[in-house]
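The values are calculated or read from the model by the stated rules, or taken from the named source; none is laboratory data. Everything numeric in this text was worked out from a predicted model, so none of it was measured. Neighbour counts run over all protein chains shown; Cβ positions are idealised from the backbone, glycine included. Each accessible area value is taken on the protein alone, full model and side chains, heavy atoms only, with ligands, DNA and RNA left out. Shrake-Rupley method; radii C 1.70, N 1.55, O 1.52, S 1.80 Å.
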Amino acid sequence: IVLRTIGLLEESVPPEHILMLTFTEKAAMEMRDRLTAYASGSALSGEALDVDKVDVGTFNAWGQRIIDQYYKELGFFKMPELIDDVVKKDIIIDILKKHPNLPFDYNNPFMSTMYHQGAVMEMLQLIDAMKAAHAASVDDVYAIVGKVSLLGGHAKELLEMYNEYNMALVSKNLLDYEDQLRLLLELDAKGIFAKMPYEHIVIDEFQDSNPNQLDIV
């Protein structure tokens, strides 16, 4: 994929029109280093390829950068910060207090084993799954928990809890890991993507992309 990008630059594609995305900081650094190494090697040294202007990073770092530019469009009053696990669990505890009758283990809320999850840990996993699938309807929740499962009978309530969680984040000027991508889809509806310069998007390990990432691309 680095050679693909080098080929685009050799074909006179402006470097700022190329976006290279991957999933880890280590992989992003490797892509950047390889771009620089190829461009400065003996075979290409005379071409003066401006690889420093190629936009290289992880999906989430790129998403955060875009959100930092347009946070007001998303209802935040200042640049949102990434939530930590303690605050995230505190918010979920407050929400569970208002929803005490779900088929969760409320007596051992923080239990997390291969075979059993407490109420807080199970709700954490459900919220992350709903964000990754950008759930917006009861049917979306059914797709995650199963319509005939114990939780399937509470799909509407789970969606309400999910929306309560998201509203709590905005009120505290916070976002979580999946929001760095999910919220970009809201910016797309506001025409932000049309202002971006990219003509070529090069993605490392594309087969690992989740629904949010695919929709963004």
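Got a sec? Which residues in segment 109-123 would a label at TYR177 touch, if it sits 7 Å along Cα→Cβ and we count backbone N under 18 Å? What the label zone holds, given the 18 Å backbone N cut-off, is 112-114, 120-123. Per the 1.4 Å probe, what fraction of the accessible area of segment 51-120, in percent, lies on carbon and sulfur atoms? Accessible surface attributable to carbon and sulfur in segment 51-120 totals 52 percent. Antiparallel beta bridges, as assigned by DSSP with both residues in the chain, represent about 10 percent of the total such bridges. Sorting SER171, SER42, SER149 on solvent-accessible area from highest to lowest, probe radius 1.4 Å, gives SER42, SER171, SER149. Volume per residue for segment 126-211 equals 123 cubic angstrom (convex hull of Cα atoms).
Summarised as an ellipsoid, the chain has semi-axes of 40, 18, 15 Å, derived from the eigenvalues of the Cα gyration tensor scaled by 5 and square-rooted, with the largest first.
Taking 20 Å as the cut-off, the amide N atoms of segment 171-189 that come nearer than this to a point 7 Å along the Cα-to-beta-carbon line of PHE77 belong to 171-176.
Mean projected area of the Cα convex hull of segment 1-102, taken over all directions, amounts to 9.8 nm². For LYS53, a cut-off of 30 angstrom between C-alpha atoms picks up these lysines, skipping any fewer than 8 places away in its own chain: LYS26, LYS72, LYS78, LYS190, LYS195.
Taking all Cα pairs closer than 8 Å and separated by 6 or more residues, the relative contact order of segment 89-217 comes to 22 percent. For segment 82-217, what does the accessible surface come to per residue with a 1.4 Å probe? Please give it in Å². Averaged over the residues of segment 82-217, the accessible area is 54 Å². What's log10 of I(q)/I(0) for segment 62-180 at q = 0.16, 0.18, 0.20 Å⁻¹, Debye sum over Cα points only, no solvent? Values returned for q = 0.16, 0.18, 0.20 Å⁻¹ are -0.78, -0.96, -1.14. Pairs of Cα atoms nearer than 8 Å and 6+ residues apart set the relative contact order; for the chain it is 28 percent. Give me the distance between the Cα centres of segment 105-157 and segment 1-48, rounded to whole Å. After rounding, the separation between the Cα centres reads 42 Å. Ordered from largest to smallest accessible area (heavy atoms of protein chains, 1.4 Å probe), the residues SER112, SER209 come out as SER112, SER209. Over all orientations, segment 49-97 has a Cα convex hull whose mean projected area works out to 5.2 square nanometres.
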